[in-house]
1. Which of the helices (runs of 4 or more DSSP H) found entirely inside segment 240-329 contain at least 3 residues meeting this: touching a helix residue (DSSP H, G or I) at 6+ places or on another chain (Cβ under 6 Å) and open to solvent by less than 10 Å² (accessible area, probe 1.4 Å)?
2. Quick one: count up the residues across segment 535-560 that are in a loop (DSSP other than H, G, I, E, B) and either at positive phi or not charged (D, E, K, R) (or both).
3. Could you check segment 487-500 and list, in sequence order, the residues that are under 21 Å from Ala619 (Cβ atoms) and not hydroxyl-bearing (Ser, Thr, Tyr)?
4. Out of Thr292, Thr249, Thr274, Thr236, I need the residue that is modelled with pLDDT of 90 or more and hydroxyl-bearing (Ser, Thr, Tyr). Which one?
5. Can you name the residue in segment 637-696 that is β-branched (Val, Ile, Thr) and assigned to a loop (DSSP other than H, G, I, E, B) and is also surrounded by the fewest Cβ atoms within 10 Å (Cβ to Cβ) among such residues?
6. Output the number of the condition that Val354 fails; it satisfies all remaining conditions of (1) in a helix (DSSP H, G or I); (2) touching a helix residue (DSSP H, G or I) at 6+ places or on another chain (Cβ under 9 Å).
7. Which residue is least open to solvent (accessible area, probe 1.4 Å), if the candidates are limited to segment 165-184 and must be among the charged types (D, E, K, R) and assigned to a loop (DSSP other than H, G, I, E, B)?
8. Run down Arg132, Arg156, Arg187, Arg140 and say which single residue is among the basic types (Lys, Arg), at pLDDT below 95, open to solvent by 20 Å² or more (accessible area, probe 1.4 Å) and within 30 Å of the chain's Cα centre (by Cα).
Amino acid sequence: MESLLQDLTHSLRIFRRSPGFTITAVAALALGIGAIAAIFSVVNSVLLKPLSAPEPDRVVVFLGTNKGGTSDFASDIKFNLWRRQTSVFQDVSGYHAGGFNLTGVDAPQRADAIFVTADYFRLFGLPVAQGRGFNADDERPGGVQVVILGNGFWKRVFGADPRIAGKTISLDHASYEVIGVMQDGIRVENGEPPDLWLPFPIDPNSNNQVHYFRAAGRLKPGVTLAMANAQLQLTTQEFRRIYPNALSTSRGDIFSVQPLRDFLVKDVRSSLLTLAGAVSFVLLIACANVATLLLVRAEGRRREIAIRVAVGASRGRLIRQLLTESLLLSAAGGVCGLAIGAAGIRLLLAMNAVDIPRLGLKGANVAIDWRVFAFTALMALATGILFGLIPALQVSRADPRSTGGLRQSRARGLLAVSEMSLAILLLIGAALLIRTLIALRSVNPGFDPGRVVTTRVTLDPKLARASGVNQIAEEMFRRLNALPEVENAALTGMVPLDGGFNSLTIIIIGRPLTGLAHGNSRWMTVSPGYFDVLRIPLVRGRLFTDADRLDAPPVALVSQAMARVFWPGGNPLNERLVIGRGLGQNFEEPVRQVVGIVGDVHEDALGSPPTPTVYVPLAQRPADRVAGMAAIVRTRGASRAVDGASAGAIGAELRQATGLPVPPLRSMREILVESTARQDFHMVLMSIFGGLALLLAAVGIYGLMAYSVEQRTREIGIRMALGARSSDVRNMVLFYGMRLALAGVAIGVAAALGLTRFLASFLFGVKALDPLVFVAVPILLSGVALFAVWLPALRASRVDPILALRHE
C-alpha cells in the first residue's frame, strides 16, 4: 500500500508538470470511453434490463407463424384457446391500445387508453393505488362500463381527487364508473403509461377471426419454453380441428411463444450490437493515440528512468509505476467520458424521435445505473492496461542510455497504422449509412407531403347514427374549405407511414376458390378528396365521389400493387370482390365493384415495397365503424411548409365541427421524416464515430510525425549542411508519414471488404461494397493524413542547419 501511494503521488506530480500531455491524453480517452458508454447505456436499457414485471424471464408473448412470417397479433378465437392451456400458462392476458375523449366537461380533451383483460395487472405487476383492479365481471361483454385512471391523468384532470373512486365520468358521451387509480411511476414496456385503463371484453363464444390485439402470459413454475411450445404444437392441431375454415388454418399458422423481452427487441438487437462493435473501434483508436503519446513522452524521460535503474529499480517496479500512470489517465478519462456519454446520448435521443423499443419517450428510460457504471469502470481499467502496457514494456526493456531505437519507432509506426485502419472502417460504415438515408429520402412515397397536415378526429358513434356520417363529414369539410388557407380536405382511417393498417381477406367473385380467400390486402376507408389531397394519381377508371353513399351500389378502388397481385396481366375494372368474409362478427362486407386503379403508396416504410391496398368510401361504411378517423388537409400557398397560424385555424374548425378535442396537427413531412428515424439515428451515430475516428487518427499521425521531426533535427541539419534541398527534406518526411497512412488505409479497406457484410441488413439502395464509398472514403482519409503530415514536413524543411548542429 505504501508503494502504491508513492506511485500515485509520483504520477500526479508528473501530470501536474505536463498539463498539455495530461489534457490531450484525458480528452482522447474521454471521447473514446464516452462514446462506448453512451452506446452501452442504450444497449443496457433495450437489451439487458429485465421487464418491469414479476418473474420477467417467464413472461412470454403468443405468436402465429406461417410462410409469410411471424405475427404477435391475436384474434378472439385464438386467445380463448390459449387461455385454456392452464397446464403450461398462467395470467394469460389480451391488450390493445385505444383512445377516448373526456366529455361532459367545460374543456373536452383527448385521453390515451389501453384495454386489458383482468389478469393483465397481475401479469405485469401493476399496482392500483386507490380502489380496485378489474375482475371477471368487468370484462364480461355487455357488463357495466368501468374505468381505472392513470395517476398522471388523475392529478392533471381531476386535481388528485381522493374520492374519485365510485364517481362517474363521461367518455365519448358514455358514462363510465371510476373504480380505481393506478399507482404513480409505473412503467410499460413500450411508450408512456396511458391515461385510462379499461376492461377488454372477449366473448368466450366469439367467432371473431380479426387479429387486432396482442396476448401475453407467464410460464407456470417448472415449465420451460420448449415445453410450452411443444404444448402449443398440440394446440395448433386442436385449433385446426375446431376451426377447419378459419383464415389461420388455411394460412398454416403454427402457434408458439417467445420471451416478451426478446420479441420486443428482435428488430434492433443486431443494429445495437453492430453500433457497439463500431464504437469499440473509436475506443481502440483513442488507446492507440494515448499509447503513442506515452511512447513519445517516454523518450523525454530517459534520464529519469536511468536514475531509477541506477538506484536499484527493477524492471517490474518500472512497469508498475508506468501502469499506475496509465490507469490514472484512464480513470480520469472514464469519469469525463461517463459524463460526456450520458449527456450526449440523452441529447441525441431527445432530438431524434427514434422508434427503438424500451427507450421510452425521447430516451426517458435511458439511465446511468450500476450496469453502466460497472461497464465504464471496466472499460477504463481495460483501456488503461491496453494503452499503458506496450509503452511500459518498451521503456522498461530499453537501455536508458539509448536514444529510442528501432523497436520504439516500429511500435509508434504500428500504432499509427492501426489508427488509420480502424478509422477507415468506421468512415466506410458511416458513408454507407449516409448513402442509405439519402436513398430512403429520395424514394417517392406515392404521395406529395408538401403543405399537408393531419390529425386524429373522432366522429361520435351516437351522433353518427343520429345524423349520418356524410352529414358530419360534410360539416367538417364545409368549415375547412371556408378557410382561405385550405385547398382541400379529406378523412381517412389510416395515414400513410403512420402505422395501424389492417389486412383483410379478399375474395374475387366468379373466380374458383380453393381456400378461405384468394389472398390478403390492406384495407382503408377514405372520403372523396383523399387522393386529391395527397395527390395520389388515378391510373385508370374513376375516383370516389359524393354520390358513393351508403344507399348507392358498393364500390372500391384498388392500388396498382393489388392489381398486379390479384389480376396479373388482367384488368380489375368492373371486377367484384368481397372484403373480410368469414372473419366473424361485425366484419361482413357487401360485394363491391372495382371502379378505379390508383397509384401505389408506401404505407409501412419507404424501404419496403408498396402493399396491395383496397380503398372503400367512407360514406359506405356503417356509422359505428368509422368513429376514429384522421383528417388530412392540403393548404394553399407557395411554401412547402404549413405555418402555425394556418395549423391553429384548421384545428379550431375541426374542434367546432366535431365538438370534441383535436390533437395537435402534424405535417406529412414530419411523418415522412419520422418514418426513417431509426436509420437516421444509426447514420448520426456512425457519422459521429467516424468523425471522432478521423479526428483522433489525424491527431495521432500528426503527433507522430511532429515528434519524428523533432528527434531527427540533428540528422536533418546534417543533410541540409551537406547540400540537401528543403524540398528533399520535406519529401522525405512526407514519404515516411504517407507510407504509414497509406498502409493503414490499405489494411482498413481490405478489412472493410469483409466486415461491411454485417451492415448489409441495414442498407437500402446501396450495396455493401459500394464503389463510390470505397473510393471516396480512402481519398478523404488520405487527404486528411496528407494535411496532418504536411505541417511537420514543412517545419522540417525550414530547419536551420547551423542552429540544429549548435543545439546538438
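The values are calculated or read from the model by the stated rules, or taken from the named source; none is laboratory data. Model, not experiment: these values are computed from the prediction. With ideal geometry, Cβ positions are generated from the backbone for all residues, glycine too; neighbour counts draw on all protein chains shown. Ligands, DNA and RNA are stripped out before the accessible areas are found, and what is left, the full protein with its side chains, is counted by its heavy atoms. Shrake-Rupley method; radii C 1.70, N 1.55, O 1.52, S 1.80 Å.
1. In segment 240-329, 269-299 are the helices (runs of 4 or more DSSP H) which contain 3 or more residues that are touching a helix residue (DSSP H, G or I) at 6+ places or on another chain (Cβ under 6 Å) and open to solvent by less than 10 Å² (accessible area, probe 1.4 Å).
2. 11
3. Filtering segment 487-500 for residues under 21 Å from Ala619 (Cβ atoms) gives 488-495.
Asn488, Ala489, Ala490, Leu491, Gly493, Met494, Val495, listed by residue number.
4. Thr236
5. To start, the set of residues in segment 637-696 that are β-branched (Val, Ile, Thr) comprises 642, 650, 658, 662, 671, 673, 676, 684, 688.
Restricting the remaining residues to those that are assigned to a loop (DSSP other than H, G, I, E, B) gives 642, 662, 676.
On the way: Val642: 24, Val662: 23, Thr676: 20.
Per the stated criteria, the residue is Thr676.
6. In the conditions (1) in a helix (DSSP H, G or I); (2) touching a helix residue (DSSP H, G or I) at 6+ places or on another chain (Cβ under 9 Å), Val354 misses (1) alone.
7. Asp172
8. After ruling out the rest, the residue left standing is Arg187.
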